[in-house]
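Data block below; observations after.
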Amino acid sequence: MPRKLRLLIIEDEAAIRTGLIDVFVYHGYEVDFSGHGVEGLNKALTGKFDLILLDVMLPGINGLEICNRIRVRDRSQAIIMLTAKSNDEDIIEGLSLGADDYVAKPFSVAQLVLRVQAVLRRTRNGTSQCQTLQLGDDLSIDCQNLTGRRGDENLSFTRREIELLQYLQLNWHRPVPREELLNKVWGYANHHDIETRTVDIHIVKLRRKIEVDPAEPQLLITVRGAGYRLIGQSQ
Ligand code: CA
């Protein structure tokens, strides 16, 4: 029998935390939890969780800093941030720090469960498509190790960024709509009520890493009204 998926919930509001624990235990997960930033971070750094649900406002250390510290240690840890709906800056910063996704409060529990399942589906499939991506004249990306080099510069990527590049590479001959990226890369079957901003934020992050001038992308281009396209590949 496969082992249960392990979830860590870091959330200081007891009512929300208890509700989440109940829901995910009901769905068959093994759940650990913390209501404090420092304790939560220490648990997160054990590396034994398949996914971490991480609140932003926490006593001790806030969730953005926790996300950052986890990423320094482990770029492949699956993390979903729980953010306040009104706070765009938290959402953008969380995704910039390498969270796989975010869910804005107040959230529907059913949607959160779907998001958790989608992230886990992606992360447990691994990065099996390409080993190495060559882009432009001097950029190479190691898809297994989530690292890259452009000239003398070392780059590091999150797993989600690599998956996004891999999917665009597979479909190099056409622009890929954001809805398709949400479906294929994020694993969301029904995206009508999910913000497509997640895709755009990841594209911006990727351009900062791979483009010589992120404001004038030459590799990861926007095709107006059609989506994103990856060009400039050498085999
Ligand atoms: Ca909180």
In which sequence would D90, D32 go, from the one with the fewest C-beta neighbours within 10 Å to the one with the most? D32, D90
From phi via Karplus (6.51, -1.76, 1.60), per-residue ³J(HN,Hα) for region 157-168 in Hz, x at Gly/Pro: 10, 8, 4, 5, 4, 5, 5, 5, 4, 5, 5, 5
At q = 0.21 Å⁻¹, what is the base-10 log of I(q)/I(0) for region 1-121 according to the Debye formula with one equal point scatterer per Cα and no solvent? Please give it to two decimals. -1.24
Computed ³J(HN,Hα) along region 102-114: with the Karplus parameters 6.51/-1.76/1.60, θ = phi - 60°, integer Hz and x for glycine or proline, the list is 9, 10, 8, 7, x, 10, 8, 4, 4, 5, 4, 4, 5
Histogram of C-alpha separations across the chain, 5 Å bin width, %: 1, 6, 14, 18, 19, 16, 11, 7, 5, 1, 0
Spherically averaged projected area of region 132-230 from its Cα convex hull (nm²): 6.2
Rounded Å value of the spacing that divides the Cα centres of region 16-37 and region 151-186: 32
Bins of 10 Å, beginning at zero and ending with the bin holding the largest distance: percent of Cα pairs per bin for region 52-167, please. 13, 40, 31, 14, 2
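Any read-out appearing in this document is the output of simple, stated calculations on the displayed coordinates, not a laboratory observation. Keep in mind it's a predicted model, so treat the numbers as computed, not measured. Every residue, glycine as well, gets a Cβ built from its backbone with ideal geometry; the counts of neighbours run over all protein chains shown.
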